[in-house]
Each structure stands twice: as C-alpha cells, then as structure tokens.
1. Give the range of the longest stretch in the chain that excludes all GluC sites (Glu not before Pro) found in loop regions by DSSP and having at most 13 other beta-carbon atoms within 10 Å.
2. Over the Cα atoms of the range 1-63, compute the convex hull volume and normalise it per residue, giving Å³.
3. Let me know the charge dipole size of the range 4-103 about its Cα centre in debye, to the nearest 20, where only the beta-carbon of Lys, Arg (+1) and Asp, Glu (-1) is charged.
4. Suppose R0 equals 25 Å. What FRET efficiency, 1/(1 + (r/R0)^6) with r the Cβ-Cβ distance, do residue 96 and residue 31 give to the nearest 0.05?
5. Along the positive direction of the dipole of the chain (beta-carbon charges: Lys, Arg +1; Asp, Glu -1; about the Cα centre), which of 19, 97, 66 reaches farthest?
6. Give me the one-decimal nm value for the distance between modelled label points at residue 18 and residue 82, 7 Å along each residue's Cα-to-Cβ direction.
7. Ignoring ligands, DNA and RNA, what accessible area per residue does the chain give at 1.4 Å, in Å²?
8. Scaled to the compact-protein estimate 2.2 N^0.38 Å, what is the alpha-carbon radius of gyration of the chain, rounded to two decimal places?
Amino acid sequence: GLPEDQIQKGKDIKSISEIVQDGKKFKVTVTTGTKVLKNEFTIGEESEIEMLNGEKVKAVVQMEGNNKLVTQVKGMKSVTELNGDTITHTMTMGDLTFRRVSKRI
C-alpha cells in the first residue's frame, strides 16, 4: 500500500543492530540514521517493546531452538534468526512479509 518511492527509501536505509544476550535477558539496539530504538526483554516474560513507529506495546518474546527470537505483536509475527554472522529478521502480517538480512560488521 506504499508508493514505490517510499518502498525504495525503506530498502536503501542502512541500520545497525546490536544484540546483547545475558542468559535469558536480551538488549536490542537498532540505530537507523538519527533514530535509536532500544528494547530490553527476558525470554518468556511480558515486556514493553517499542515498535519502529514509536508505539510501545506489551509482548512476550520466546526462543525457538537456540537461535530464533519469536514474538506476536498486534497481529504481526516477528522472527529474528541468528546464524553465525548473519541475522535474518522476518515480519509477517496477513499476506505481507518483510525480510531483512544483516551481516556482522
């Protein structure tokens, strides 16, 4: 539903993600330009998560296997998969899927 120029801008945006794990506790920081999004959560416990649009929602993040963080927020499923030096983040809402693949720097 977005104009093609906005879709291209979204594809061109560079972001840096930092994920720090301490047992079941995670700190995730995503820096995109001047916007910095910080979230902290513990696997299996309800936490307040800030979404990309700035909205704060309650969510429970689960761990699948030893490399996938999975949560459901407002009808959207978010899966972050860590494989070696690659992070694959997939968000699915209905028929729409967004997928971003990042490499370790």
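The values are calculated or read from the model by the stated rules, or taken from the named source; none is laboratory data. Remember, predicted model here, so these are calculated numbers, not experimental data. Glycine also receives a Cβ, built like all others from the backbone with ideal geometry; neighbour counts cover every protein chain displayed. Side chains are part of the model used for accessible areas, which takes the heavy atoms of the whole protein and leaves out ligands, DNA and RNA. Shrake-Rupley method; radii C 1.70, N 1.55, O 1.52, S 1.80 Å.
1. 56-105
2. Values: hull volume 6.8 nm³, N = 63.
Each residue corresponds to 108 Å³ of Cα convex hull volume.
3. 120 debye
4. Between residue 96 and residue 31 the formula returns 0.50.
5. The one lying farthest along the dipole's positive direction is 19.
6. 1.5 nm
7. Solvent-accessible surface per residue comes out at 74 Å².
8. 1.08
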